[in-house]
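Here, each number is a calculation from the coordinates, and none is a lab measurement. Here the structure is a predicted model, which means the values were calculated and not measured. Cβ sites come from the backbone with ideal geometry, for glycine too, and all protein chains shown count toward neighbours.
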Amino acid sequence: MLGASIGIFIILNLNNAIVFRFTNVVCESYNKSWVIWQNCRLKAVSRSKVILNMNASVFYPANSVKIHIKLFKKANGFKPWLMDRNIDACRFIKSRHDPIMRIIYGLFEDFTNVNHSCPYVGSQIVEGFYLRPEILNLPFPTGDYMLALRWYLGMSASPTTDTNVSFSFVEDLLKST
């Protein structure tokens, strides 16, 4: 029993040594007849906790939603890092087949109404979303990152909207002792 208590203490102590928070968000609609952003902003609620609120109005039923995902790491500007892939969001919501998207979706699924299958129409909301290191479950190098999501709604070959979310991940193991 003592070993389990020590293990839990170490995990809790390590989570206190991690700073995982948003630093910027940019939402851009390229086809305002399909999507308009009502809200896309960050709000600092404490020194280490920043929440993200987003609200997009989708005017026509989107029976097909494709997402081009890129992850960038800051090093003399943002450079491509680790991930560049296309996801069929409608298929993902039905089967949760993609492991990378499962990690991304797992971070924000408790804060959104985007949890049903296609079609998507009306307000698509992410509210009060904050980053939780205990959900990430991946070794992640300390640094500043940007997750760029380019959305293609309907059968359009041109992008409908972009969401670029920047975040900082800092693991300071000296603080855990």
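Computed quantities for the displayed model
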| item | result |
| --- | --- |
| Relative contact order %, the chain, counting alpha carbon pairs below 8 Å whose residues are six or more apart | 33 percent |
| Exposure rule at most 13 other beta-carbon atoms within 10 Å, DSSP loop trypsin sites (Lys or Arg not before Pro): the chain longest free segment | 97-177 |
| Segment 70-177 - charge dipole about Cα centre, Lys and Arg +1 at Cβ, Asp and Glu -1, debye rounded to 20 | 300 debye |
| R0 of 35 Å, Cβ-Cβ distance Met155-Ala75: FRET efficiency to nearest 0.05 | 0.40 |
| Sorted by Cβ neighbour density within 10 Å, fewest at the top, the residues Leu149, Leu52 | Leu149, Leu52 |
| FRET efficiency for Ser64 and Asn24, using Cβ-Cβ distance with R0 set to 25 Å, rounded to 0.05 | 0.30 |
| Burial ordering of Ser95, Ser166, Ser117, fewest other beta-carbon atoms within 10 Å first | Ser95, Ser117, Ser166 |
| Cβ-based exposure ranking for Trp151, Trp37, in which fewest neighbours within 10 Å come first | Trp37, Trp151 |
| Using alpha-carbon coordinates, inclination of helix 99-108 to the longest axis of the chain, degrees | 80 degrees |
| Cα gyration tensor category, rounded, prolate or oblate, for segment 11-92 with a/c compared to 1.5 | prolate |
| Estimated translational D of segment 108-177 in µm²/s (Stokes, Kirkwood radius over Cα pairs; 37 °C; 0.692 mPa s) | 216 µm²/s |
| Cα-projected label distance for Ile135 with Ser46, points at 7 Å along beta-carbon direction, nm | 1.6 nm |
| Computed lengthening from His97 to Asn31, 0.36 nm per intervening residue step minus Cα-Cα distance | 20.9 nm |
| Helix 2-16 vs. the chain, principal-axis angle (Cα, 0 to 90°, nearest 10) | 50 degrees |
| Spatially near lysine pairs across the chain, Cα under 25 Å, sequence gap of 8 or more or different chains | 15 |
| For the chain, convex hull volume per residue from C-alpha positions, Å³ | 136 Å³ |
